[in-house]
Amino acid sequence: MKFAELRFDSTLQAAIDKMGYAEATPIQAQAMPLVLEKKDVSGLAQTGTGKTAAFVLPLMERILRSRPLPETATEEEKELAAARGFADWRSQNFILVLVPTRELAEQVYENVVKYGEFAGLRGVSIYGGTGYDKQKEAIQQGVEFVVATPGRLIDLYKEHHVDLKQVRAIVFDEADRMFDMGFKDDMKYILQRVPRERQFLVFSATLNFDVLNTAYQFGAEPIEINISKDQAKAENVKDEIYHVGQDEKPMHLLSMVKKHNPKQLIVFSNFKMNVEKIAAFLTSNGFPAMAISSLLSQAQRNRVIEQFKSENDHNIMVATDVAARGLDIKGVDMVINYELPQDAESYVHRIGRTGRAGTEGKALSLVSDRDVDSLKRIEDYLKHKVEMAWFDEADLIKDFKPFPRDSYGRRDGPREGGRFEGRGEGGPGREGPRREGGGGRGPRRDGDRGPRREGPRRDGPGRDGDRGRGPRREGEGGEHRRADNRGPRPEGQQGQPGREGGRGPRREGGGPREGDNRGPRREGGPRDGNRGPRREGDNRGPRREGGNREGQPQHRNGQSRPHLHAKNRSGAPKTAKQQSVGQKVSGFFKKLFGGGSTSAGPKKNS
């Protein structure tokens, strides 16, 4: 079918001619007439077959036919307006296109701009990772197409910047991918808020029954179009596999690039932490490469894609599956899978980046022992064996700069599920090696203890950190060890455990310890210097009861503090119950040594 047969509006046909479109692809030829007839459509087609134009162009035609007709309109124009136009189209109405990734949103938006160039149709792309202001401003000015990822659209809806009641048609592009990425609940949230009287279009490269069930649940009755019943991938893509060892992948990757010398190449890896290393490896060996993954900001990802599309020496892009869906980059003539993807559908989407728009493409995959399970799933999905290939010894590059080491000193990348190659790898999803005998806890932090010392645990319960320090000393029991590690205390030693520089044993009779320069205790009384009876020659005044001596300030700064401890707050003397223990003991010694009198005069020496 030729585009001219569809009788598009003259302004739309002018944009189609400028793009160089003449013959419609199979999905376009089957889907566009149904969309123009206001039918719900479910289109299943291989990647790179023109699905975006299959829904954008007929929806633009419907909008253009909804505009008021001039008085000079022909009968054909009136007939087409009645058959194709939206009923009661208003300026605030719009078409909603939902996509799974930011890159696909930007790509669909670019097609909207190109197709609507002469018709005056406007669009806006809404996705996360960028500011809200430009997106809000574009919506307020009015657009006919809103291309959005579900998360950012819901945010703007909750802030009352997007009115989902104004949606006249809703499109799910790469719908199966949206379900795989966990957008099912978001899709239902949006469908619950758009009018039931809207056109429903869903396009995908692989069949997903959840998508159709969701469509039926919300009142859609799509006509199913499947142009890929007998084949899962495009016929013009030749794919081959190379069975190699895991440590041989870097050498074979370089050999592939040198032998085939592609104009534009995409290298796919399953792991985002491996993308930068592959790009650095290629660049260091004379093949400039760029890396793109979710680790980059949206602005950085846009720059990488724009640089890859332009003609320069950076014609190699290393990517995760973030670039496998929806990116329409013309001129990609080769795809290399550094690792096979976990699911077969991702394999189809990866190799679909090449061989687009009828051109020939080549897809090569490096298969090690880690990729065997993935290969089986892919071949079951394709319903045939993938052709094997190999390199002659002379074609292999053996002199090259080594693959970059990771942060653990290994050259190899992570295993499937996030595990690294090497001794004692961690459990699934944990990065870094286990400690030897440590159970997959990742690398030690700075300051962690070294390996455990050999030797049995001490008998008895030990504290944290006591592991492996040998048996306890005899008699040590559960007491604290001495801080100076000088062995157990001598028999009979008392005092506080663990005090640094512990004192020696007490003398017989309760005398001072060794090194104690205080005087001996009086028989039955406190040491000199405590509040006992006065020494000879003490001419100081009498003590106040419970206070300091007369004329002696209690504090070092020379200021005396009110004797609140002698009286309660009301000013009345304290009762016996209110007196402190020190006061009671002091009173006891006064009575014992004849100091019971509290008169102000000086005491006589006995």
message: Need one number: nm distance between label points at GLU224 and GLU76, each 7 Å from Cα along Cα→Cβ, rounded to one decimal.
response: 3.7 nm
- prompt: Per-residue accessible area for LEU382 at 1.4 Å probe radius, Å² rounded to 10?
  reply: 20 Å²
Inter-label distance, nm, simple model (7 Å from Cα along the C-beta direction), LYS376/GLN298: 4.2 nm
- request: Would you calculate the separation in nanometres between label points at ALA138 and ALA22, each defined as 7 Å from the Cα along the Cα-to-beta-carbon direction?
  value: 3.3 nm
- line: Ordering SER10, SER365 by the accessible surface of their heavy atoms, 1.4 Å probe, largest first, yields SER10, SER365
task: Beta carbons within 10 angstrom, averaged per residue: use that to sort the peptides 50-56, 128-134, 214-220, highest first.
output: 50-56, 214-220, 128-134
message: Please report the accessible area of TYR109 (heavy atoms, 1.4 Å probe, ligands and nucleic acids excluded) in Å², nearest 10.
response: 60 Å²
- prompt: How much accessible area per residue does region 121-218 have, in Å², with a 1.4 Å probe?
  reply: 42 Å²
task: Provide the FRET efficiency to the nearest 0.05 for the GLU311-PHE391 pair, computing r from the beta carbons and using R0 = 35 Å.
output: 0.75
statement: PRE zone check, label point 7 Å out along Cα-to-Cβ of ALA87, amide N under 16 Å, scope region 33-55, hits 37-40
field: Under 15 Å, Cβ to Cβ, from ARG196 - net charge with Lys/Arg +1 and Asp/Glu -1
entry: +3
message: Explain nothing, just compute: Karplus ³J(HN,Hα) = 6.51 cos²θ - 1.76 cosθ + 1.60, θ = phi - 60°, for every residue of region 112-123 in order, whole Hz, x for Gly and Pro.
response: 4, 5, 5, 5, x, 4, 8, 8, x, 8, 10, x
query: Karplus couplings for region 83-100 from phi (6.51 cos²θ - 1.76 cosθ + 1.60, θ = phi - 60°), rounded to Hz, Gly and Pro as x?
result: 7, 10, x, 6, 6, 6, 5, 10, 5, 8, 6, 7, 9, 9, 10, 9, 9, x
- line: Under 5 Å from the placed amide H of ILE397, counting only residues 5+ away or on other chains, we find SER255
- request: Starting from the amide H of ASP333, placed 1.01 Å from N in the peptide plane, find each other amide H under 5 Å away whose residue is 5 or more places distant or on another chain.
  value: LYS263, GLN264
Exposure ranking of ARG90, ARG7 by accessible area [1.4 Å probe, largest first]: ARG90, ARG7
statement: Within the under-12-Å Cβ sphere about ASP155, not counting ASP155, Lys/Arg +1 and Asp/Glu -1 give a net charge of +1
query: Given H placed on each backbone N at 1.01 Å, which residues far from ALA291 in sequence or on other chains put an amide H within less than 5 Å of it?
result: VAL318
message: Solvent-accessible area of ILE397, probe 1.4 Å, all protein chains present, reported in Å² to the nearest ten, please.
response: 30 Å²
- request: Taking the Cα centre of region 103-196 as origin, work out the dipole magnitude from +1 charges on Lys and Arg Cβ and -1 charges on Asp and Glu Cβ, in debye rounded to 20.
  value: 440 debye
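The values are calculated or read from the model by the stated rules, or taken from the named source; none is laboratory data. Given the structure is predicted, the values throughout are model-derived calculations rather than measurements. Neighbour counts are summed over all protein chains in view; Cβ atoms, including those assigned to glycine, are modelled from backbone coordinates with ideal geometry. Heads up: the accessible areas ignore ligands, DNA and RNA and are worked out on the full protein's heavy atoms, side chains in. Shrake-Rupley method; radii C 1.70, N 1.55, O 1.52, S 1.80 Å.
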